[in-house]
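One structure is given below, encoded as structure tokens.
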Amino acid sequence: MTQRFRPPATALRRLFVGGAAIALVYVVLAPLSSTDAGQQLGLPFLTDRLWFRVATTVAMFVVLASAWNIIGGLTGYASFGNVAFFGLGAYTTGVLVSLRQWPFGLALLLAPVVPALFALVIGIPLLRLHGHYFAVASLGVGVAVGEVVNNLQPLGASTGLFLPIVRSNLLFFYLMLAAAALAVLVTWVILHTRFGYGLLAIRENEEAAAVIGVNTTFYKVAALMIAAALTGLAGGIFAQWNTFINQENVFPIEYNVEMILMAVLGGAGTLLGPVAGAVTLELVILRLAGGGAAAAYSQIGLGVLLAVTVIFLPRGVIDFFGGQSRLSLWALRRSLRETSV
Amino acid sequence: MSQLAVRGVSKRFGGVAALTEVTFSVEPGEIFGIIGPNGAGKTTLLNCISGLYDTDAGEIRWEDRSITGLPAHRIARLGIGRTFQIVRPFGSMTVRENAATGALFGQPSGRLQPRQALAYADTVLDLVGLAAKRDYPVRRLTVPDRKRLEVARALAMRPRLLLLDEVMAGLNPVEIEQALDMVRQVNRQGVTMVLIEHVMRVIVGVCTRALVLNFGRPLIEGKPEAVLRDPRVIEAYLGERYARQGGPDASPTQADGEGGGGAGQ
Ligand SMILES: Nc1ncnc2c1ncn2[C@@H]1O[C@H](COP(=O)(O)OP(=O)(O)O)[C@@H](O)[C@H]1O
Ligand SMILES: [Mg+2]
């Protein structure tokens, strides 16, 4: 067995990160041009309603992809059920605002709490599973929660919930941006502390982590709860922003595929990879999703992308593997070898 | 008073009795050898002690308390470190980070921060001879170096008991001498050791006592020289070839090596 040292293929990632950085600066500053003060200063008008929608959506996926990265990328547990956290966060805010007349700000504070508690409850049994078993079980949870909510009369069932309209594009944009910044900050903190080392150790080899003293159950459940809280926060903001929620728009399984693709393509297990992946992929998706034939192409494109990702990433989407997995012939050969046994 | 006491431990996998009523004890400061043919249950025994497997019967006591059924991370923090026969490095980390994780999570006293753990990693990497390669990614390490890294990561936990599972298999004679020096040095610092080895020179060279396992059962226990001369052992473990050649030093040592992967190794 000869072991050659391969430097990680950074060119692709650098491109992602560079593009994302420029986009981010634009995203943060452009809305200011639409304020009265901005107009008085004679700034060029950089934004319109469509722009806000796009930018807010992109920021939302930055949250989802970064949150997924904490459990899928850092801990190595490929969750296909994170969308349940999004939906639960959205419904937490939705129910409190629409049925209990809570102020939105207060209701939003609970949007991360409910999904995190849910993650605690399902995490303890689910995170005992590994690889494909965990992926499938988490997918089941993702689908089931949406179905349950869809059938609960007190939650509006299939009619959904309507929230009083709050007209402020700037508010929702900056809220979502703040959530995205929080997701990145949380990831940064994790990567620079003991906790992060524990998650990486679990990802690399769970039994080896256990015998050096990592409380693996606690770490895995905590990682899932953090991911759930961040995802739920995005859901809570989405509920008020969209003013209408139902099973279809807050529990879509496509979101799960998208957040995984974003994190994996951008660089699972890294700080900015999921951000770059989310920005790039979501812009592509929004551009393609003009409707009609374009929408169909975008669905096909996503499917192909997922397939290509699965082929090129060793051992499929399951084993997310930090530095090891990059698009490369080496990875392709290895994955073919491993799938053919 | 024994530091580690294994009493009547049994473990089955379906129809396979991997361990049957294994009993032995290790005194503080000892280097205790465990030998036995492939599949005798040596790795399974380590997995039971370190908490990766639940035992079906029996009790394991450590420093006068029962650790039977405790989760692996609790046992680790009570001062028991181990290595894996089939090495299990954290692949995305550097050599230094690998060793640092041991210090970060395994040290019984107090919590280290990553920076302190990395500094502590340097001292153990020095001890196992990996200091010059501390910034390598694990992928660049040779097999012997990976075995050293296993030891370094376990040592970084500051264990009072170190369980080594065939860390010398696959090493050449010079490397074995270096490894033996390392074992003696660690032991001099007060670390009790349990060594699983096929290399007879290792057992005779450093072990205070040795236990022979055969088909999951203890066959004989005693002074290494005496144990290795016992006809039952020669028959069970070393085979006729060894008996013909005679004497511990003549033993072929690479019977097992890196082969035979499998769960729990
Ligand atoms: N996780 C496992 N599942 C099923 N059988 C196992 C497992 N671990 C070990 N065994 C079996 O238990 C027996 C002892 O194995 P092992 O402890 O690895 O032996 P040794 O380390 O002495 O070579 C073997 O028959 C092996 O196949
Ligand atoms: Mg073994």
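The values are calculated or read from the model by the stated rules, or taken from the named source; none is laboratory data. Note that the coordinates shown come from a computational prediction; the quantities given were computed from them, not determined experimentally. In this analysis, Cβ positions are derived from the backbone assuming ideal geometry, glycine residues included, and neighbour counts consider all displayed protein chains. These accessible areas exclude ligands, DNA and RNA; they are computed on the full protein's heavy atoms, side chains included. Shrake-Rupley method; radii C 1.70, N 1.55, O 1.52, S 1.80 Å.
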**Asked** Pick from A:Thr159, A:Thr193: which is modelled with pLDDT under 95, more than 25 Å from B:Asp54 (Cβ to Cβ) and within 14 Å of chain B (Cβ to nearest Cβ)?
**Response** A:Thr193
**Request:** Count, please, the residues in region A:202-213 that happen to be farther than 8 Å from A:Thr75 by Cα and either more than 7 Å from every other protein chain (Cβ to nearest Cβ) or among the hydrophobic types (A, V, I, L, M, F, W, C) (or both).
**Result:** 6
**Request:** Would you be able to tell me the number of residues in region B:32-71 that are open to solvent by 10 Å² or more (accessible area, probe 1.4 Å), away from ligand 2 (no atom under 16 Å from the Cβ) and of a type outside the set (Lys, Arg)?
**Result:** 14
**Request:** Looking only at region B:41-56, decide whether some residue is within 23 Å of A:Gly213 (Cα to Cα) and more than 16 Å from ligand 1 (Cβ to nearest atom).
**Result:** no
**Prompt:** Can A:Leu29 be described as open to solvent by 80 Å² or more (accessible area, probe 1.4 Å) and either at pLDDT 75 or above or not basic (Lys, Arg) (or both)?
**Reply:** yes
**Selection from region B:187-206 of residues that are closer than 15 Å to B:Phe24 by Cα and in contact with a helix residue (DSSP H, G or I) (Cβ under 9 Å, 6 or more places away or on another chain)** = B:Met193, B:Val194, B:Leu195, B:Ile196
**Message:** For region A:109-129, give me each residue that is outside any helix (DSSP H, G or I) and of a type in the set (A, V, I, L, M).
**Reply:** A:Ala111, A:Leu127, A:Leu129
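Okay, residues lined up against (1) surrounded by 16 or more Cβ atoms within 10 Å (Cβ to Cβ); (2) in contact (Cβ under 8 Å) with a residue 24 or more places away in the chain; (3) not in a helix (DSSP H, G or I):
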site: A:Ala107; (1), (2), (3): yes, yes, no
site: A:Pro164; (1), (2), (3): no, yes, yes
site: A:Val186; (1), (2), (3): yes, yes, no
site: A:Val189; (1), (2), (3): no, no, no
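Table: residues versus (1) in contact with a helix residue (DSSP H, G or I) (Cβ under 8 Å, 6 or more places away or on another chain); (2) free of Cβ contacts under 8 Å to residues at least 12 places away in the same chain; (3) aliphatic (A, V, I, L, M).
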{"position": "B:Glu63", "(1), (2), (3)": "no, no, no"}
{"position": "B:Val87", "(1), (2), (3)": "yes, no, yes"}
{"position": "B:Gln113", "(1), (2), (3)": "yes, yes, no"}
{"position": "B:Ala121", "(1), (2), (3)": "yes, no, yes"}
{"position": "B:Arg134", "(1), (2), (3)": "yes, no, no"}
{"position": "B:Asp145", "(1), (2), (3)": "yes, no, no"}
**Asked** Quick check, is A:Leu182 under 19 Å from A:Asn69 (Cβ atoms) and within 18 Å of the chain's Cα centre (by Cα)?
**Response** yes
**Asked** How many residues are among the charged types (D, E, K, R) and either in the same structural domain as B:Thr208 (by TED's automatic domain parsing) or within 14 Å of ligand 1 (Cβ to nearest atom) (or both) if we restrict to region B:5-26?
**Response** 2
**Asked** What about A:Ala234, is it farther than 22 Å from A:Ile285 by Cβ and open to solvent by less than 10 Å² (accessible area, probe 1.4 Å)?
**Response** no
**Request:** Report whether or not B:Ile34 is more than 12 Å from chain A (Cβ to nearest Cβ), in contact with a strand residue (DSSP E or B) (Cβ under 8 Å, 6 or more places away or on another chain), within 15 Å of ligand 1 (Cβ to nearest atom) and not charged (D, E, K, R).
**Result:** yes
**Prompt:** Can you find a residue in region B:162-177 that is closer than 22 Å to B:Gly51 by Cβ and more than 16 Å from ligand 2 (Cβ to nearest atom)?
**Reply:** yes
**Prompt:** Out of curiosity, is B:Gly29 away from ligand 1 (no atom under 16 Å from the Cβ), at positive phi and touching a helix residue (DSSP H, G or I) at 6+ places or on another chain (Cβ under 9 Å)?
**Reply:** yes
**Asked** Can you tell me which residues in region B:72-97 are under 23 Å from A:Leu191 (Cβ atoms) and within 9 Å of another protein chain (Cβ to nearest Cβ)?
**Response** B:His73, B:Arg88, B:Pro89, B:Phe90, B:Gly91, B:Ser92, B:Met93, B:Glu97
**Prompt:** Just wondering, is there one or more residues in region B:3-10 that are surrounded by fewer than 23 Cβ atoms within 10 Å (Cβ to Cβ) and either within 14 Å of another protein chain (Cβ to nearest Cβ) or within 16 Å of ligand 2 (Cβ to nearest atom) (or both)?
**Reply:** no
**Message:** So, A:Thr270, is that one within 14 Å of chain B (Cβ to nearest Cβ), surrounded by fewer than 24 Cβ atoms within 10 Å (Cβ to Cβ) and within 17 Å of the chain's Cα centre (by Cα) or not?
**Reply:** yes
**Item:** Test result for A:Glu254, assigned to a helix (DSSP H, G or I), more than 14 Å from chain B (Cβ to nearest Cβ) and among the charged types (D, E, K, R)
**Value:** yes
**Asked** In region B:98-110, which residues are more than 19 Å from the chain's Cα centre (by Cα) and more than 7 Å from every other protein chain (Cβ to nearest Cβ)?
**Response** B:Ala100, B:Pro108, B:Ser109, B:Gly110
**Asked** Which of the residues belonging to region A:268-306 are modelled with pLDDT of 80 or more and among the small types (Gly, Ala, Ser)?
**Response** A:Ala268, A:Gly269, A:Gly273, A:Ala276, A:Gly277, A:Ala278
**Prompt:** Is there any pair linking a residue in region A:192-206 that is open to solvent by 30 Å² or more (accessible area, probe 1.4 Å) to one that is among the basic types (Lys, Arg), with Cβ under 9 Å and at least six apart or on different chains, and which?
**Reply:** A:Glu204/B:Arg88; A:Asn205/B:Arg88; A:Glu206/A:Lys220
